[in-house]
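The values are calculated or read from the model by the stated rules, or taken from the named source; none is laboratory data. What you are looking at is a predicted structure, and each value in this text was computed from that prediction instead of being measured. Positions of Cβ are backbone-derived with ideal geometry, glycine not excepted, and every protein chain shown enters the neighbour counts.
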Amino acid sequence: MAIRVSAVIFVCLLVAACGYQLRGEARLPAVMDRTWLQVANDDSTFVRELGRQLQANGVELVDGHDERAAILQIFTERVRREPLAITGQARVREFLLMFDVEFELRDGEGNVLIERERLHLTRDYSFDEQEILAAQREQEFLEADLRRAMTMRLLRRLEAVGGS
C-alpha cells in the first residue's frame, strides 16, 4: 500500500515538475473585463460559443460601444469544404473542411491591441457515396469540433495580449 502511495506521489511530482497543468480559465487581459463582441451575425453558432466562453472566463459582454469596454470585432467567420482526394472515376473520396475567422481587438479608446488577424483550422474526412447520411453526420460533427477548437484558439490568442 505504501509503495502505491509513493508511486502516485512520485508521478504527481514528475508531472508537476515538467510544467504540465490542466487547462483552466483563460488569462484574458484586464482591458477585456468589459467587452463588446461586435459581429455581423450574432446568431451564428461560433459567436454564441465564443460569447459563452468569454463569460465563463469572467468577461462581461456589453451590447454596444462603451468607453470602458474593449471591442472584439469578428469580421468574418467562414466554413468551406473542398475535395481533397478524387478517384480515377472522378468521384470525391475525401473532403477538407476549413474554418477561417478574421478578428481585431481594440480597447475602449479605439487603440488597436491586436491588428486584424486571420485564424485558420482544417479537418479532413472520408466520403462514401453509399453512406451519404453518415458522411453528412461526420461533417456536422467536424464543423462543431472546428467551432470549439477555433473558440479556444481565439481565446489563447487573446491571452497573449496580457503578456505584451
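Within the stretch 35-53, being without any contact (Cβ under 8 Å) to a residue 60 or more places away in the chain and touching a strand residue (DSSP E or B) at 6+ places or on another chain (Cβ under 7 Å) holds for 35, 36, 37, 38, 39, 44, 47, 51. For residues in the stretch 40-66 being among the hydrophobic types (A, V, I, L, M, F, W, C) and over 19 Å from residue 149 (Cα atoms), which is surrounded by the fewest Cβ atoms within 10 Å (Cβ to Cβ)? Ranking the candidates gives 40 first. Within the set of pairs 6+ apart or on separate chains, which have a first residue in the stretch 79-101 that is under 23 Å from residue 151 (Cβ atoms), a second that is of a type outside the set (S, T, N, Q) and at pLDDT below 75, and C-beta atoms under 6 Å apart? From residues that are under 23 Å from residue 151 (Cβ atoms), the pairs are 95/84; 95/127; 96/84. Using the structure shown, decide if residue 87 is of a type in the set (Ser, Thr, Tyr) and modelled with pLDDT under 90. So residue 87 passes the test. Here's a check for you: in the stretch 61-84, which residue that is among the acidic types (Asp, Glu) and closer than 21 Å to residue 42 by Cβ is modelled with the highest pLDDT? Per the criteria, the residue is 77. Taking the criterion of being touching a residue at least 40 places away in the same chain (Cβ under 8 Å) and under 28 Å from residue 97 (Cα atoms), the residues of the stretch 55-76 that qualify are 72, 75. The residues in the stretch 113-128 that are modelled with pLDDT under 95 and in contact with a Lys or Arg (Cβ under 7 Å, 6 or more places away or on another chain) can be counted, and the count is 2.
Give the residue, chosen from 2, 40, 16, that is at pLDDT below 95, small (Gly, Ala, Ser) and touching a Ser or Thr at 6+ places or on another chain (Cβ under 9 Å). The conditions single out 40. Here is the figure for the stretch 95-121: residues that are part of a strand (DSSP E or B) and surrounded by 14 or more Cβ atoms within 10 Å (Cβ to Cβ) total 16.
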